[in-house]
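A.B. asks: The structure that follows is given in the form of structure tokens.
The values are calculated or read from the model by the stated rules, or taken from the named source; none is laboratory data. Just so you know, these numbers come straight off a predicted model, no measurement behind them. All Cβ positions, even for glycine, are placed from backbone atoms using ideal geometry, and neighbour counts span all protein chains on display.
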Amino acid sequence: MGFISRGFRGKRRDNVSSSRVPPGQHVVTDFPVLAAGPTPRVSLDVWTFSVTGEIDEPKQWTWKEFRALPTETLTADIHCVTKWSKLDTSWTGVSVDTLLDGVESAADFATVFSDGGYTTNLPLDDLTGKKAWVVYEYDGQPLHPEHGGPVRLLVPHLYFWKSAKWVRGITLQNEEQPGFWESNGYHMRGDPWREQRYWGD
Amino acid sequence: MEMSEAKLDGNAIAGLLREIFTMEMTTSETTCAGCGSVSVVGRVDVYLNAPGVVVRCPSCEQVLMRIVHGRGRYWLDLRGTRCLEFVAPD
């Protein structure tokens, strides 16, 4: 017999009309790995996280100091500009509000920088007010290097290229400086609900 | 390892480069603005699983080119390429 049953594979969740899925996105259940270069490896003995730039007293934490900061666990939907969205992802890390607590700065913008040379820019308003975290656990496990471990930025309300992997610090700036993708076609802000994918969107 | 799986060579973007430059580019030569080494485009490091294509120097891993394609446009960042040498069409 040449007949092969396609069988039931469950209801496809992509193209679902949902208030949780921004326009042009489809839902995935796996966690795609995006990489603009080789995965950097850094020893936690020399790892630091810094807040620099337009700031009276730059701040820096060693891994031990960073892990001693108050942590939060949150569940969020994430949206990649390559059109996949993943719902109900669970993360643990330090709120950017905690990292910027007590910082005196007139800056309105920030560039987030990572091992491997990746950068991304954000208005400071998108990093503060319980909207952004520096996370070291995904789904209760240490963040895998391919997903940005030891720590990545998490800014779930913007396209996921803003959630820089292997993040090492935040530079506060008076003017917005386009980052790795923002300087070559990608939108300066990247709000998935407004489909701000490319320049001019 | 999944680390190296993401890395391809310049042949992976032969079609894309032909679309942009309207000629075969994998035999062209690129000079890295970072370390100065010259690579045949077919042998550069290419990362495709990203918002755009990232081409890196096989010697020093610095970015040679960033290529973004969207909304009927290309954006081509060649800051990391000091020189691109290719055969002129007949």
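A.B. asks: In the range B:45-64, which residues are touching a Gly at 6+ places or on another chain (Cβ under 7 Å) and more than 21 Å from A:VAL33 (Cα to Cα)?
C.D. replies: B:CYS57, B:CYS60, B:LEU64
A.B. asks: If I filter the range B:76-88 for residues that are surrounded by 14 or more Cβ atoms within 10 Å (Cβ to Cβ), within 11 Å of chain A (Cβ to nearest Cβ) and part of a strand (DSSP E or B), do I get at least one hit?
C.D. replies: yes
A.B. asks: Select from the range A:76-85 the residues that are in a strand (DSSP E or B) and over 11 Å from A:PRO22 (Cα atoms) and list them in ascending order. Spell out the reasoning first.
C.D. replies: Of the residues in the range A:76-85, the ones in a strand (DSSP E or B) are A:76-79, A:84-85.
Within the range A:76-85, just A:ALA76 meets the criteria.
A.B. asks: Output the number of residues of the range A:37-55 satisfying the condition of being more than 14 Å from chain B (Cβ to nearest Cβ), surrounded by fewer than 16 Cβ atoms within 10 Å (Cβ to Cβ) and not in a strand (DSSP E or B).
C.D. replies: Here the count works out to 4.
A.B. asks: Determine whether the range A:167-180 contains at least one residue that is in contact with a helix residue (DSSP H, G or I) (Cβ under 6 Å, 6 or more places away or on another chain), modelled with pLDDT of 95 or more and over 14 Å from A:VAL81 (Cβ atoms).
C.D. replies: Initially, the range A:167-180 is screened for residues in contact with a helix residue (DSSP H, G or I) (Cβ under 6 Å, 6 or more places away or on another chain), giving none.
No, the range A:167-180 has no match at all.
A.B. asks: Within the range B:54-66, which residues are surrounded by fewer than 21 Cβ atoms within 10 Å (Cβ to Cβ) and at negative phi? Explain how you work it out, then say what you get.
C.D. replies: Initially, the range B:54-66 is screened for residues surrounded by fewer than 21 Cβ atoms within 10 Å (Cβ to Cβ), giving B:58-62.
The answer is B:PRO58, B:SER59, B:CYS60, B:GLN62.
A.B. asks: Could you tell me which residue of the range A:56-75 is surrounded by the fewest Cβ atoms within 10 Å (Cβ to Cβ), considering only residues that are in contact with a helix residue (DSSP H, G or I) (Cβ under 8 Å, 6 or more places away or on another chain) and in a loop (DSSP other than H, G, I, E, B)?
C.D. replies: A:PRO70
A.B. asks: Which one of B:GLY42, B:GLY34 is closer than 20 Å to A:PHE180 by Cβ and more than 10 Å from every other protein chain (Cβ to nearest Cβ)?
C.D. replies: B:GLY34
A.B. asks: Ok, one more. Report every pair of residues separated by at least 6 positions or lying on different chains whose Cβ atoms are under 6 Å apart, first residue within the range A:81-97 and within 14 Å of another protein chain (Cβ to nearest Cβ), second among the aromatic types (Phe, Trp, Tyr).
C.D. replies: A:VAL81/A:TYR159; A:VAL81/A:TRP161
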